[in-house]
Amino acid sequence: MIAPETIMRVAELMAKAERAAVLTGAGVSAESGVPTFRGKHGFWKDEDVMKLATLQGFLADPKKVWEWYDWRRGQLAEVEPNPGHHALAQWERMVTGRGASYSLITQNIDGLHELAGSKTILELHGNLWYARCLKGCCAELKHIPDTPLPEYPPPCPWCDSILRPHVVWFGEQLDPTVIEESFNVSGAADLMLVVGTSAQVYPAAGLPYITSRAGGKVVEINLEPTELSYTADFALHGKSGEILPQLLEKVRELVG
Ligand code: BJW
Ligand code: ZN
């Protein structure tokens, strides 16, 4: 149970933010039924997902890794955004409605923020509903909404190679445009909400510190404490699908 004074103080920050930023991780989608990465869900068919989510893992067995991604796509096709996703989309509408700026930076590849109606989204680690050529024969992305796929691995429609999921694996560079924009947003933000991330994977985990160093406030919302909890201005522990709607309700009361 979070103290009502804490909810009020964070809601006040949200109500007056001029440059609002949000960083989300797998936890924001947990209440939709999407498994998180670390902890007890970190396995698929006894395979460590941290090994599957690498280029080496993919090259060693593209069929198996595609099967895993397609299984996840199948799971996602069944789930919906939860009250946490919806509250963030509502906050965006309130912030932009009064002429202030808002950006949501997500590590998630599930597309649920967009489904909930969020508009300004920076997807740091790609998107599960897209694939691209393994060889990089062209810059085209292939939208692959249908699951299961007819074959693993899917062939590249543009050359004789195969497709890979349009995601960022460990050791791979993030899209330079997306990460540069995320650094800019974080440095300019007067308030950043950090929701449902273990804050262990860089460069995403470094973004809240950019906000803090530049003088912005950082509010963490997570089921449990993380390393960020020590430096965040507020660390609210509980389910984001419960805390975010509670905050939004207070923000609405404050702005009338
Ligand atoms: C709830 C909840 C509820 C649950 N409500 N909360 C600097 C220092 C050290 C290392 C590095 C560094 N810079 C780069 C690195 C290397 C590496 C890295 O960070 N390693 C660390 C592990 C040490 N980073 C990279 O390789 C990145 N590339 C890069 O930086 O390129 C340049 C470079 C390369 C090599 C060396 C140096 C520089 C790329 C990172 C790509 C991450 N990819 C993945 C897979 C994506 C595709 C896929 O999904 O298959 O992205 S890994 C996985 O982790 C996924 C996630 O987006 C990411 C973050 O996880 P997230 O979202 O935080 O989830 P969890 O499960 O960890 O946490 C969930 C949280 O939710 C928990 O805290 C729960 O408590 C909470 N929760 N239910 C609220 N209801
Ligand atoms: Zn190709």
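In this structure, is Leu128 open to solvent by less than 50 Å² (accessible area, probe 1.4 Å), more than 16 Å from ligand 2 (Cβ to nearest atom) and touching a residue at least 40 places away in the same chain (Cβ under 8 Å)? Criteria met by Leu128.
For segment 112-125, the tally of residues that are open to solvent by 10 Å² or more (accessible area, probe 1.4 Å) and either over 14 Å from Leu88 (Cβ atoms) or within 16 Å of ligand 2 (Cβ to nearest atom) (or both) stands at 2.
Search segment 117-140 for residues being assigned to a loop (DSSP other than H, G, I, E, B) and within 15 Å of ligand 1 (Cβ to nearest atom), and hand back the single one that is nearest to Arg19 (Cα to Cα).
Looking only at segment 117-140, we keep the residues that are assigned to a loop (DSSP other than H, G, I, E, B), and these are 117-120, 124-125, 134-140.
Next cut, within 15 Å of ligand 1 (Cβ to nearest atom) only: 124-125.
Numbers: Leu124: 19, His125: 23 Å.
Looking at the filtered set, the residue picked out is Leu124.
Do we find a residue being within 16 Å of ligand 1 (Cβ to nearest atom), within 12 Å of the chain's Cα centre (by Cα) and surrounded by 20 or more Cβ atoms within 10 Å (Cβ to Cβ) anywhere in segment 90-105? The answer is yes; a qualifying residue exists. Within segment 177-198, the set of residues being part of a loop (DSSP other than H, G, I, E, B), open to solvent by 20 Å² or more (accessible area, probe 1.4 Å) and over 14 Å from Asn108 (Cβ atoms) comprises just one member, Asp190.
For segment 216-238: of the residues being part of a loop (DSSP other than H, G, I, E, B) and among the acidic types (Asp, Glu), which is surrounded by the fewest Cβ atoms within 10 Å (Cβ to Cβ)? Write out each step before concluding.
Keep residues of segment 216-238 that are part of a loop (DSSP other than H, G, I, E, B), which gives 216, 223-226, 231-233, 238.
After this cut, where a residue has to be among the acidic types (Asp, Glu) as well, the list is 224, 233.
Working: Glu224: 11, Asp233: 16.
Among those that are part of a loop (DSSP other than H, G, I, E, B) and among the acidic types (Asp, Glu), it is Glu224.
Note on segment 205-246: residues that are within 20 Å of the chain's Cα centre (by Cα) and over 26 Å from Asn184 (Cα atoms) total 10. The set of residues in segment 141-155 being within 16 Å of ligand 2 (Cβ to nearest atom) and either exposed (fewer than 13 other Cβ atoms within 10 Å of the Cβ) or within 17 Å of Asp61 (Cα to Cα) (or both) consists of His143, Glu151, Pro153, Pro154, Pro155. Scanning segment 53-80 for residues that are of a type in the set (Gly, Ala, Ser) and either in contact with a helix residue (DSSP H, G or I) (Cβ under 7 Å, 6 or more places away or on another chain) or within 16 Å of ligand 2 (Cβ to nearest atom) (or both) yields one hit, Gly57.
The values are calculated or read from the model by the stated rules, or taken from the named source; none is laboratory data. Values in this document were obtained by computation on a predicted structure and should not be read as measured data. Reconstructed Cβ throughout: ideal geometry from the backbone, glycine too, with neighbour counts over all protein chains shown. Side chains included, ligands, DNA and RNA excluded: accessible areas come from the protein's heavy atoms. Shrake-Rupley method; radii C 1.70, N 1.55, O 1.52, S 1.80 Å.
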